[in-house]
Amino acid sequence: MKNNNLIIIILSVIILTVSCTKVIDLKLGNASDQLVIEGNITNVKGTQTVILTKNIPFSSPNNYPPVTGATVKISDQTGNIYSLAESTPGNYTIANMAGIQGTAYTLTVATGGQTYIARSTIPVPVILDSLTDKNDPLGGSSNGNNKKLITVHYQDPAGIANQYRYIMWVNGVQVKDIFVEDDEFTDGRYVSSDLMESDIDIYAGDKVTIEMQCIDEPVYKYWFALESQQTDGIGGSVAPANPPTNILPATLGYFSAHTTQSLTLTVK
Amino acid sequence: MNKLSLLIAIMLASFSAFAQTTFTLNGTVKDAATGETLIGATIRFREIPQSGTASNAYGFYSITAPQAQYTLLVSYSGYETISQTIELTKSTTINISLSAKNELKEVVISANRPNNDQIASPQMGVEKLNMSQINNVPVLLGEKDVLKTITLLPGIQSGGEGNTGFFVRGGASDQNLILLDEAPVYNASHLLGFFSTFNSDAIKDVTIYKGGMPAEYGGRLSSVLDIKMLDGNKKDFTIEGGLGLIASRLKIEGPIDSGKGSFLISARRTYIDLFAKLSKDSVVKGSSLYFYDLNAKGNYHFNDQNTLYISGYFGRDVIGLKNTFGTDWGNSTGTLRLNHLFNAKLFSNTSLIFSNYSYDIQSFLTNEDFKATSEITDVNLKEDLQYAITGSHRLKFGVDIIHHTIAPGNITSSAGSSFNDISVEHRYGFENAAYLSDDWHISDKLTILYGLRLSEMLLLGPGTFNTYDADGNTIASKTYSTGALVKSYLNLEPRFSASYQLTDENSVKASYNRNTQNIHLLNNSTSGTPTDLYVMSSNNIKPEIADQVSAGWFRNFDDNLFEFSTELYYKWLQNQIDYKDGATFVANANEESQLTYGSGRAYGLELYLKKKYGRFNGWISYTLSRTEDKFAAIDNDRYFPATQDRTHDLSVVGIYKLNKRWTFSGSFIYATGNAVSYPTGKYNIGGLTTFSYSDRNGYREPPEKRLDFGATLQGKEHRKYHSSWTFSIYNVLSYSNPYTITFRDSKTVPNTTEAVETSLFPKPIPSVTWNFKF
């Protein structure tokens, strides 16, 4: 439950009205050249992609060097092995492939003399029922137009643990925020969930697209840890660390086998 | 005969009354103007230097000495010393009234030397704050604050701006036992840490133990902050209060039954949200943000043997946002105590104590409404006895039984809500303890205070208890019936301290103590969010244990006008608790699966120079320290600096009384920044710039610096009333101290990242309060 986040939001609003922020110059270390694996496989037939990059120093421009020449394979529990080809530098893809719900997939990446292995299972899909918008009670307004908040609606299946991740685009631009939730407090309910964010202000007329992913528990923990670190830190957050990955030996990134479904709403 | 048996033989000999006939002098020490009992006043016979004793928490004292004529000296900081000749030919009761000193007159050093407690007492690692100092130290928005002021003392670190959490000798903030009239206060902060729960109008005495904990205290590792409420004026009915920018307070006190008893009621309410109403921002405008608290106390002196005290505290914080979300939280405590004097040497106090901390969070949104509540309730029965057996032995012994009930989380919602109703099983347990200690004046040079505390933890059913492995997976689960024993722990805690007086103005001291802790706070946010969840030691969580050794040199100058002390300490910590990544504790039935366990160590040097009296008084305190933790799950089991590790911590406080009407004060602090984890690299995940981290707490926030000024103007004397103005300026030099530092994509230079510092009070904040008294 996002109780802590609610308090943090309220606090932020109140505290930020008296406080002051400024950009500062910090001397930060340089632990770059670590492998970053971002592997995804979905239940929708199409191109499945694994991206290999390296991390870079904080002070550098955001250009992440691709890792080329790696051997990348995805196998399933019944023994099928799919080889991914490097279509562009660092992007390893396979076309016309669909993952199957309930199936566990294993990603194998061999590069730089090391082999990395990760396992993830596509959960049973949950249907994203609808999207609605409403005036953001915390958002205020601009030129008489209220800021809007997007709400997702779905029926959570009773008796099983479900985890969800959302990705939001406003007029084609991805919102820089992480949205994940599980059903610890909502199991079996018809759920309405507000996707609160502070990156892009949404007004009437904007076109909002939401992708809903049903993800397995290790991937949920990965995103949840990342989400809690991205909270602005008002009211305090945990000591930040690299989120717990499902890749062995541990490196940066994750491998997620998930379902996917998207809906688009024109905000009224 | 070996050394140990020699020691025992000497001890036994010293207990037995020698052939001489001895008599006992006892009584109560009080303030002459208000009848308030004085805690920690020094009472001694000039002729027997080691006869010195201090009045206890109820003002009671007892001295035993051979038949003779003596000069009785009674002194208390800020009061005129009394010197009285007495003929001790039989056991006698003498009640003593001391008058408050007028600091202006006190330019000539009085003939009776002020007390040199800090030299003679074996107790070390203890600090006592005088309420007049607390009242004069400048603070944020003029709300004088006990917790803010104690962080200006050596070895006690502030949690940073906007945080009343404090860290004693490297211990975590939940390792402080905070007592208000003996009742534990679980969450000592208001408004998420900007103010403390203690209204200084209602407080008589503040004592903090950093080391060498006396055996009568237990249950927390790092410190005991013992706060005693005022009893109420026994002579006159008075009303006093203050009107400030953000808060107002009112106190009413007076005698009951012509001075046989007294009462006090003190209340405080903030109204920051009234300012919010002026805001143009509709969200801020529609928010509520305030706290209130109420202290009440009454006492009745039945006869010289029996006095009854009843006291209570109730406080609540409320934050709400425009029919959207609301949260409120607070403590309530109650204490019923009976002082009974069995005889002139044996003093008893029986306490029945109640303490509760609870919070509610509510969402009023359509389809997303819920109400989550959580609370901890203690009922505590305590019996403490003080037995001044002979002139050189003072025993303290007693028992303490605490029953805890923890309701970790309860969620209710409407039928149309997204949320289920959930009730997490309650947890029940007993914390029992028995202790014995002896304050032994071996010679006029050597004094030792030694004791033992036996503490027991019993975790009881009903409920289902899971046992988790290191990865948080359930490996066993067992259901227990009501009252069935789930897990028990027994710990023996030795306490020892000794002082050797080299000269009248010069002593060395050493101490060792072990403390254990069976109630643990789970809250992984760094500042005081109200969602505190407490858990008891269990099948998964072992009692936390701390062993501390310390040594110190104490030196007074100029007839005790100046006090200097230096202490060295080293502390070992076992069974410390930290949280796994992404842990949540709200209404979580499996909260113990999210914990990881480790150890810690803390060591440091404290220097403290204080000028106690005179028109100009104040202190300089400096601490050099190191605090490190080690967890198998973090940084490969290597020691890393704890967040509160603070290499340098300096405080300078000065108070100057210019004339009868004006008093000026100033304080300056400098502290090394918190140890924090900053990114050492970045990468892209899911279209988002993401930061990578290396060592835990491998960086430092910039140091915290601040200079504050305060002034008090006393109104002209009136027969019927008295008034005064308090002015303060917080952060005079506009230092911008970091509250948080965050990292994000740059808003100005595309395709780069930047670090952003948020400061809460980067500009000077003036405030004014008008105080009155009838």
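Report Rg/Rh for the protein assembly as shown, rounded to two decimals, where Rg is the Cα radius of gyration and Rh the Kirkwood radius.
Details: Rg = 31.7 Å, Rh = 31.4 Å.
Rounded to two decimals, Rg over Rh is 1.01.
If you consider only alpha-carbon coordinates, what radius of gyration and Dmax does segment A:88-185 have, in Å?
Looking at segment A:88-185, its Cα Rg and Dmax stand at 19.2, 60 Å.
Let's test the formula: R0 of 30 Å, r as the Cβ-Cβ distance of B:Ala551 and B:Ser132. What FRET efficiency results, to the nearest 0.05? Let's see the in-between values first.
Details: r = 32 Å, r/R0 = 1.05.
Efficiency, rounded to the nearest 0.05: 0.45.
Only residues of segment A:130-164 count here: report those whose backbone N is under 14 Å from the spot 7 Å along Cα→Cβ of B:Asn590, or say none.
Taking a point 7 Å out along Cα→Cβ of B:Asn590, the residues of segment A:130-164 whose backbone N falls under 14 Å are A:160-163.
Quick one: work out the % antiparallel among DSSP beta bridges in segment B:168-260, nearest 5. Provide the component values of the computation, followed by the final result.
Values: 16 of 21 bridges.
In segment B:168-260, DSSP labels about 75 percent of beta bridges as antiparallel.
What is the distance, in nm, between label points placed 7 Å from the Cα along the Cα-to-Cβ direction at B:Thr92 and at B:Val379?
Taking the two extended label points, one gets 4.7 nm.
To the nearest 20 debye, what is the magnitude of the charge dipole of the protein assembly as shown about its Cα centre, counting +1 on the Cβ of each Lys and Arg and -1 on the Cβ of each Asp and Glu?
Details: 87 positive and 101 negative charges, 571 e Å.
The calculated dipole for the protein assembly as shown is roughly 2740 debye.
Taking +1 at the Cβ of each Lys and Arg and -1 at the Cβ of each Asp and Glu, which of B:Asn331, B:Ile545, B:Phe709 sits farthest along the dipole of chain B towards its positive end, judged by Cα position relative to the Cα centre?
Towards the positive end, the residue furthest out is B:Phe709.
Near A:Lys22, which aspartates and glutamates are there with a Cα under 13 Å away, not counting those fewer than 8 places off in the same chain?
Partners within reach: B:Glu754, B:Glu757.
Using only Cα atoms, tell me the angle between helix B:3-15 and the longest principal axis of chain B; keep it within 0 to 90° and round to the nearest 10.
For B:3-15 against chain B, the angle is about 60 degrees.
Give me the net charge of B:Phe194's neighbourhood, meaning all other residues with Cβ under 12 Å from the Cβ of B:Phe194; Lys, Arg count +1, Asp, Glu -1.
-3
Can you give the extra length, in nm with one decimal, that the chain gains between B:Asp369 and B:Phe23 once fully stretched, where that is 0.36 nm per residue apart less the Cα-Cα distance? Kindly include the intermediate steps, with their values, before the conclusion.
Numbers: separation 346, 0.36 × 346 = 124.56 nm, distance 7.10 nm.
Contour length minus the Cα-Cα distance gives 117.5 nm.
Given the pairs B:Lys445/B:Lys509; B:Lys148/B:Lys396; B:Lys90/B:Lys445; A:Lys27/A:Lys54, which span a C-alpha to C-alpha distance of over 23 angstrom in this model? Kindly include the intermediate steps, with their values, before the conclusion.
Working: B:Lys445/B:Lys509 11 Å; B:Lys148/B:Lys396 32 Å; B:Lys90/B:Lys445 28 Å; A:Lys27/A:Lys54 21 Å.
Flagged as over cut-off: B:Lys148/B:Lys396; B:Lys90/B:Lys445.
Using the Cα centre of chain B as the reference point, and only Cβ charges (+1 on K/R, -1 on D/E), how large is the resulting charge dipole? Debye, rounded to the nearest 20. Before the final figure, lay out each step's value.
Values: 71 positive and 76 negative charges, 389 e Å.
The calculated dipole for chain B is roughly 1860 debye.
Taking 56 Å as R0, compute the FRET efficiency from the Cβ-Cβ separation of A:Ser59 and B:Phe727 and round it to 0.05. Don't jump to the answer; show the numbers that get you there.
Numbers: r = 45 Å, r/R0 = 0.81.
With a Förster radius of 56 Å, E is 0.80.
How much length, in nm to one decimal, is gained on full extension between B:Asp257 and B:Ala633, taken as 0.36 nm per residue of separation minus their Cα-Cα distance? Mind showing how you got there, number by number?
On the way: separation 376, 0.36 × 376 = 135.36 nm, distance 6.32 nm.
Computed gain between B:Asp257 and B:Ala633 is 129.0 nm.
Would you list which aspartates and glutamates come within 12 Å of B:Lys297, measuring only between C-alpha atoms, while excluding same-chain residues fewer than 8 positions from it?
Partners within reach: B:Asp181, B:Asp231, B:Glu253.
Be a star and scan segment B:645-689 for residues whose amide nitrogen sits under 20 Å from the point 7 Å along the Cα-to-Cβ vector of A:Lys22.
B:669-674
Choose one of B:Phe562, B:Tyr579, B:Gly604: the residue whose Cα lies farthest towards the positive end of the charge dipole of segment B:510-669 (beta-carbon charges +1 Lys, Arg; -1 Asp, Glu; about the Cα centre).
Checking the options against the dipole of segment B:510-669, the answer is B:Phe562.
Calculate, for A:Thr88 and A:Ile117, the FRET efficiency according to 1/(1 + (r/R0)^6) with r their C-beta to C-beta distance and R0 30 Å; round to the nearest 0.05. Write out the running numbers ahead of the final one.
Details: r = 24 Å, r/R0 = 0.81.
Efficiency at R0 = 30 Å is approximately 0.80.
With the alpha-carbon atoms as the only input, what is the per residue convex hull volume for chain B in Å³? Before the final figure, lay out each step's value.
Values: hull volume 143.7 nm³, N = 774.
That works out to 186 Å³ per residue.
May I ask which of B:Lys101/B:Lys657; B:Lys128/B:Lys234; B:Lys101/B:Lys611; B:Lys478/B:Lys542 have a Cα-Cα span longer than 20 Å here? Please list the in-between numbers first.
Details: B:Lys101/B:Lys657 13 Å; B:Lys128/B:Lys234 24 Å; B:Lys101/B:Lys611 16 Å; B:Lys478/B:Lys542 18 Å.
Those over the limit are B:Lys128/B:Lys234.
Below 9 angstrom from the Cβ of B:His404, what's the summed charge of the other residues (Lys, Arg +1; Asp, Glu -1)?
Numbers: positive: B:Arg427; negative: B:Asp378, B:Glu431.
Residues close to B:His404 contribute a combined charge of -1.
How large is the convex hull of the Cα atoms of chain A per residue, expressed in Å³ as a whole number?
Enclosed volume per residue, from the Cα hull, is 155 Å³.
How far apart, in nanometres, would the label points at B:Ser414 and B:Ser83 be if each is projected 7 angstrom from Cα along the Cα-to-Cβ direction?
Modelled inter-label distance: 7.8 nm.
Do you know the relative contact order of segment B:226-773, to the nearest whole percent, from alpha carbon pairs under 8 angstrom that are 6+ apart? Intermediate values should be presented prior to the final figure.
Numbers: 1474 pairs, mean separation 37.2, N = 548.
Relative contact order of segment B:226-773: 7 percent.
Measuring from label point to label point, each 7 Å out along Cα→Cβ, what is the B:Tyr500 to B:Thr474 span in nm?
Between B:Tyr500 and B:Thr474, the label points sit 6.0 nm apart.
Restricting to Cα pairs below 8 Å that are 6+ residues apart, what does the relative contact order work out to for segment B:22-108? Please round to a whole percent. Let's see the in-between values first.
Numbers: 201 pairs, mean separation 30.4, N = 87.
Relative contact order, segment B:22-108: 35 percent.
Give me the percent relative contact order of chain A, please, defined on Cα pairs under 8 angstrom at least 6 residues apart. The partial results should precede the final answer.
On the way: 582 pairs, mean separation 54.2, N = 268.
Relative contact order of chain A: 20 percent.
Run the paramagnetic zone check for A:Lys134: 7 angstrom along Cα to Cβ, then residues of segment B:409-439 with backbone nitrogen under 19 Å.
Backbone N within reach: B:412-421.
All of the numbers you see were taken from the coordinates with simple rules; none came from a lab. If you're wondering where the values come from, they're calculated on a predicted model, not measured in any experiment. With ideal geometry, Cβ positions are generated from the backbone for all residues, glycine too; neighbour counts draw on all protein chains shown.
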